[in-house]
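The values are calculated or read from the model by the stated rules, or taken from the named source; none is laboratory data. Predicted, not measured: the structure shown is a model, and the values here were computed from it. Note that each Cβ is placed from the backbone with ideal geometry, even for glycine, and that neighbours are counted across all protein chains shown. Surface areas here come from the heavy atoms of the whole protein model, side chains and all, with no ligands, DNA or RNA. Shrake-Rupley method; radii C 1.70, N 1.55, O 1.52, S 1.80 Å.
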Amino acid sequence: MMREQMVPLTQQQTELLLQLVDGISAEQLTWVKGYLAGVSAAVRNAETTPAMPVAAAAEPSRITILYGSQTGHAAAVAEAAKSKAVAAGFKVDLYAMGDYKPARLKNEKLLLIAVSTQGEGEPPDEALELHEFIHGGSAPRLEDTRYAVLALGDSSYAQFCKCGRDFDEKLAALGAQPLRPRVDCDVDFETDAEAWVADVVRLATETQAPVAATEVRLAPAATTLQKAATWSRSKPFAATLIENIKLSGRGSAKEVRHIELSLEGSGIHYEPGDSLGVVPQNDPELVAELIAALDLDPGETVALKDGTATLEQALSREYEITTLSRPFLTKYAALADAGELDKLLLPENESALRSFMDGREVIDVIIRFPASGISGAEFVQTLRRLQPRLYSIASSGKVNPDMAHLTVAAVRYATHGRSRKGVASMQFSERIAAGDQVPVYVEHNRNFKLPADTAAPVIMIGPGTGVAPFRAFIEEREAVGATGDNWLFFGDQHFRTDFLYQREWQRYLKNSVLNRIDVAFSRDGRSKTYVQHRMLERSRDLYAWLQDGAHLYVCGDADHMARDVHATLTGIVQSEAGCSAEAATEYVRNLQREKRYQRDVY
């Protein structure tokens, strides 16, 4: 019997064949023999049959993943979705919404969106253009598009996950078909987000076969939301407190502290514009008051996600016991059997509910609506996980290796007859000292970065503790020998008591590292003066800097200051350019597209 002629194999085919037969079962070997016999017959047939056109191998299906992120959480979800989809055999296009061309939308077949909501229902800065596009008259019909939306938000805000809802509802209105219903994530987003990632990739696979049968792809090592970084919000580094200095002067209405933390041995690296996540502990006095009001045993054992703890320990370290949210009120109402609270939670009473929540905390609800006979285990199930607090890093890693500086304002106020305290800020103010350890990690912020061109001019607008990242900016610009000019707008209440880092700014001015500084102290004159007023006074120069390629940064309060600064900037452009309001708005929007106008607001 003559041997059939062997068909030469490429190296890739040989490796693939070796992978197939390695450890193969008898049943699988029988199937392979049959398959190869069929291939052999096809080859013999091909030698005696005229050639026919051969169809090209099917291209892998493509998924486009878009994210709109302010703090990086939506970006992390999108990266996890990309890893999962690539492992399933899809080709993936991943874009920050600010880098995505809206005109491409009409061509998308499979579209995944992860987007957060900023403040009271606004899109993140990088999502603004796409958000406006799909709500505008030029948005295309999308009948051939399948999509899924993951919305990130904070249920303590009235417009919980509004940006995600906007995208979901508008895509559906344009004719796109959902792969699955939208998922709205609260601050404890990881578990829901990982389930969403797995679900949408599975559904996309069922909807559209991802790869040709012969294509082989190796799964990446990790496809979860946990990044490869050693330290994260679920596994923070124990940083040692080195300095805790009061910056505000005697007589100030505020208490602002300069914090220096040692990161030695952590391997942590950060860039100016990044934030340090601080994992705080709750006020022990408030913990004790809660336990007493509920008539519970502080030593009761309660289950945690990764073990057990006493009730006192759990309320101190694991759960949010200040900020109110609708989910907490809904769960607690079921335990308290409170008719008034049930009524407030009705959809038609949303306005009354928000009015009730304003200025109140968990302790107020417990006192007003007692829940007798509940256990500590039942109570903690009503609470959200205690979230890290993010602080803009006020130092350059080049100047302060293995260190991170923060600028922290102690939060104290009174509402509804009770004194209130910030969680992390008051921990720095009252409960930790030099030598103590603070759990921390870095939140990288791709949307608040110095220009790569060190010759570019920089304009910084940061009233109050919003000046923190600009201290890092100036340190960095001096360290790298940047030749571009630097201009700072700073504002606070009083020159004498609230001019944060005054001596440093004076030194930078003297050394020509800082070229200009304009200050506004709102309580020192007959009328209140804010940073936007100084901008108007310097409008000609400010516009000239922008025309010369300056990058403009804003850090601080989102609800008032950032809105006023944005409106003032648009007005300055309109006035100095002599253009229409629409043209000025487009000019400012173009600055954002070019990443020459960046904001870190909260």
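Quick notes
- Three principal axis extents of the chain based on alpha-carbon atoms, in descending order, are 106, 68, 52 Å.
- Highest average first, the peptides 288-294, 306-312 ordered by how many other beta carbon atoms sit within 10 Å of their residues are 288-294, 306-312.
- Distance from the stretch 249-288 to the stretch 308-346 (C-alpha centre basis), Å: 27
- Percent of Cα-Cα distances greater than 23 Å, calculated over the stretch 437-578: 36
- Dimensions in Å of the stretch 294-416 - Rg and Dmax from alpha carbons: 18.3, 59
- Size descriptors for the stretch 359-432: radius of gyration and Dmax over Cα atoms are 17.8, 57 Å.
- Charge dipole magnitude, Cβ of K and R +1, D and E -1 - the chain, Cα centre, debye nearest 20: 1020
- Across the options 200, 479, 371, the greatest Cα extent toward the positive end of the charge dipole of the chain (unit charges at beta carbon of Lys, Arg, Asp, Glu) belongs to 479.
- Histogram of C-alpha separations across the stretch 90-140, 10 Å bin width, %: 21, 55, 22, 2
- Whole-Å semi-axes of the ellipsoid equivalent to the stretch 375-501 (Cα gyration tensor, √5λ, descending): 34, 19, 14
- Averaged per residue, the chain has 49 square angstrom of accessible surface, using a 1.4 angstrom probe with ligands and nucleic acids left out.
- Once all protein chains are placed together, residue 453 keeps about 90 Å² accessible to a 1.4 angstrom probe.
- A simple spin-label model places the labels of residue 483 and residue 198 5.5 nm from each other, with each point 7 Å out along Cα-to-Cβ.
- What the phi angles of the stretch 144-157 give under the Karplus curve with 6.51, -1.76 and 1.60, with θ = phi - 60°, is a coupling list of 8, 9, 9, 8, 8, 10, 10, 9, 10, x, 9, 5, 7, 9 Hz, glycine and proline written as x.
- Gain upon complete extension [residue 495, residue 414; 0.36 nm per residue less C-alpha separation]: 26.6 nm
- Convex hull volume per residue for the stretch 126-178, taking Cα atoms only, in Å³: 84
- The tail of the calculated P(r) for the stretch 69-186 beyond 19 Å holds 44 percent of all Cα-Cα pairs.
- As a ratio to 2.2 N^0.38 Å, the alpha-carbon radius of gyration computed for the stretch 483-542 takes the value 1.17.
- Dipole in debye (nearest 20) - the stretch 117-159, about Cα centre, beta carbon charges: Lys, Arg +1; Asp, Glu -1: 240
- Structure note, pairs 510/595; 91/305; 106/162; 84/170; 101/235: Cα-Cα distances above 28 angstrom occur for 510/595; 91/305; 101/235.
- The shape of the stretch 281-346 comes out prolate: with a ≥ b ≥ c from the C-alpha gyration tensor, a/c is at least 1.5 and a/b beats b/c.
- Convex hull volume of the stretch 65-113 per residue (C-alpha atoms, cubic angstrom): 63
- nm² value of the averaged projected area, convex hull over the Cα atoms of the stretch 340-389: 4.7
- Taking other residues whose beta carbon is less than 14 angstrom from the beta carbon of residue 250, and scoring Lys, Arg as +1 and Asp, Glu as -1, yields +1.
- Taking every DSSP beta bridge that has both ends in the chain, the antiparallel portion is near 45%.
- Alpha carbon centroid spacing (whole Å) that separates the stretch 402-468 from the stretch 126-154: 33
- 0 to 90° range, to nearest 10: angle between helix 581-593 axis and the chain longest Cα axis: 60
- Segment residue 87-residue 107, extension gain: residue separation times 0.36 nm, minus the distance between their alpha carbons: 4.9 nm
- Measuring r between the beta carbons of residue 564 and residue 173 and using R0 = 35 Å, the FRET efficiency lands at 0.55.
- Extension gain, residue 524-residue 541: 0.36 nm per intervening residue step, less the Cα-Cα distance, totals 3.6 nm.
- Residue 512 paired with residue 580, simple spin-label distance in nm, labels 7 Å along Cα-to-beta-carbon: 4.5
- Against the rule of thumb 2.2 N^0.38 Å, how large the Cα Rg of the stretch 242-327 comes out: 1.51
- Solvent-accessible area, 1.4 Å probe, carbon plus sulfur percent, for the chain: 51
- With θ taken as phi - 60° and the Karplus curve 6.51 cos²θ - 1.76 cosθ + 1.60 applied, the whole-hertz 3J(HN,Hα) list for the stretch 158-166 is 5, 9, 4, 6, 4, 4, x, 4, 4 Hz, x standing for glycine and proline.
- Look at where the Cα atoms of the stretch 369-401 and of the stretch 513-557 average out, and the two centres are 35 Å apart.
- The lysines within cross-link reach of residue 254, meaning a Cα-to-Cα straight distance under 23 Å and a gap of 8 or more places when in the same chain, are 246, 421, 528.
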